[in-house]
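Student: Pasting a structure below so you can have a look.
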Amino acid sequence: CRGVLTAEQAMNKLLHDVQIQSFVWNKMYKRSLFTDYGITYPSIAFEDTATTNRLFAHANKVAVIDRPLYYYNQRPMSTLATMNVTKINDYLRAVASVRASLEENGIYGKFQKSYAALVHRAFNFSCMYVLRMHRDNKNARGFLTNISRVSRATKYFAGDGFNSGLVRGGMFNIVLEPQKLEEDYSVR
């Protein structure tokens with residue numbers, strides 16, 4: 001993907017999360033996008049997912065180049081390398097906040113299919129990390145409950161009954177820590 005894209009083209013690619021991803025490290029923005037529209041990064045993991053769409057919604061155009069101008073160091077303690085319950089929930093909050101901001105900007109209808117693709121990807125991503133979390137804890141208790149909660153939440157995010165006020169008011173945790181096993185296994 002390269003060239004000058006309209007804001008609509010760029011938003012579609014961003015929401016599909018393939019040709020343009022929300023990573024903050026590979027973008028340069030006009031400062032006025034932040035100052036004119038009061039956009040700030042939230043204090044959560046995956047803050048870029050929650051924010052990039054808001055910036056694109058107010059951009060006139062997005063220029064994409066395919067030359068590396070900036071090199072990114074992948075740290076062993078990065079967000080993706082150290083996924084946990086809090087970060088999975090933050091990711092789901094970020095995806096829900098994308099819907100809320102699309103609605104607030106009056107453009108959700110235009111990007112509904114692209115947003116559905118993002119939600120589908122979020123479901124797969126979250127399920128993969130829930131599986132890893134339970135595997136790493138050597139504990140399957142609560143696994144199916146967590147998968148069910150992720151499924152219900154992502155269906156809600158893309159559904160007609162979505163309430164953006166719940167996102168702005170502070171969403172509850174969707175994924176829960178793996179349940180602890182009793183030390184005395186005869187107690188079950």
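The values are calculated or read from the model by the stated rules, or taken from the named source; none is laboratory data. Note that the structure is a prediction, hence the values are computed from the model and not measured. Cβ atoms come from the backbone with ideal geometry, glycine included; neighbour counts cover every protein chain shown.
Student: Report whether or not Arg54 is within 19 Å of the chain's Cα centre (by Cα) and of a type in the set (Lys, Arg). Steps first, please.
Tutor: On the way: within 19 Å of the chain's Cα centre (by Cα): yes; of a type in the set (Lys, Arg): yes.
Considered against the rule, which asks whether it is within 19 Å of the chain's Cα centre (by Cα) and of a type in the set (Lys, Arg), Arg54 comes out as yes.
Student: Okay, next question. Take Glu103 and decide whether it is under 16 Å from Ala116 (Cα atoms), touching a residue at least 12 places away in the same chain (Cβ under 8 Å) and of a type outside the set (Lys, Arg).
Tutor: yes
Student: Can you pull out every residue in the range 138-172 that is part of a loop (DSSP other than H, G, I, E, B), in contact (Cβ under 8 Å) with a residue 24 or more places away in the chain and within 19 Å of the chain's Cα centre (by Cα)?
Tutor: Of everything in the range 138-172, those that are part of a loop (DSSP other than H, G, I, E, B), in contact (Cβ under 8 Å) with a residue 24 or more places away in the chain and within 19 Å of the chain's Cα centre (by Cα) turn out to be Phe162, Met171.
Student: Taking the range 134-161 as the search range and keeping residues that are of a type in the set (A, V, I, L, M) and modelled with pLDDT of 95 or more, which one is nearest to Ile88 (Cα to Cα)?
Tutor: Val150
Student: Another question, if that's okay. Can you tell me which residues in the range 1-18 are part of a loop (DSSP other than H, G, I, E, B), aliphatic (A, V, I, L, M) and either in contact (Cβ under 8 Å) with a residue 24 or more places away in the chain or surrounded by 15 or more Cβ atoms within 10 Å (Cβ to Cβ) (or both)?
Tutor: none
Student: Among the candidates Val85, Val150, Val98, single out the residue that is touching an Asp or Glu at 6+ places or on another chain (Cβ under 8 Å) and buried (at least 17 other Cβ atoms within 10 Å of the Cβ).
Tutor: Val85
Student: Here is a follow-up. Can you say whether Arg75 is touching a helix residue (DSSP H, G or I) at 6+ places or on another chain (Cβ under 8 Å), basic (Lys, Arg) and in contact (Cβ under 8 Å) with a residue 24 or more places away in the chain, as far as the supplied structure shows?
Tutor: Judged against the criteria, Arg75 is not a match.
Student: While we're looking at this one, here's another question. Which count do you get for residues in the range 19-70 that are hydroxyl-bearing (Ser, Thr, Tyr), surrounded by 11 or more Cβ atoms within 10 Å (Cβ to Cβ) and outside any loop (DSSP other than H, G, I, E, B)?
Tutor: Final tally of qualifying residues: 4.
Student: Looking only at the range 20-37, which residues are modelled with pLDDT of 95 or more, under 23 Å from Tyr115 (Cβ atoms) and charged (D, E, K, R)?
Tutor: Once the filter is applied, which keeps residues that are modelled with pLDDT of 95 or more, under 23 Å from Tyr115 (Cβ atoms) and charged (D, E, K, R), the range 20-37 yields nothing.
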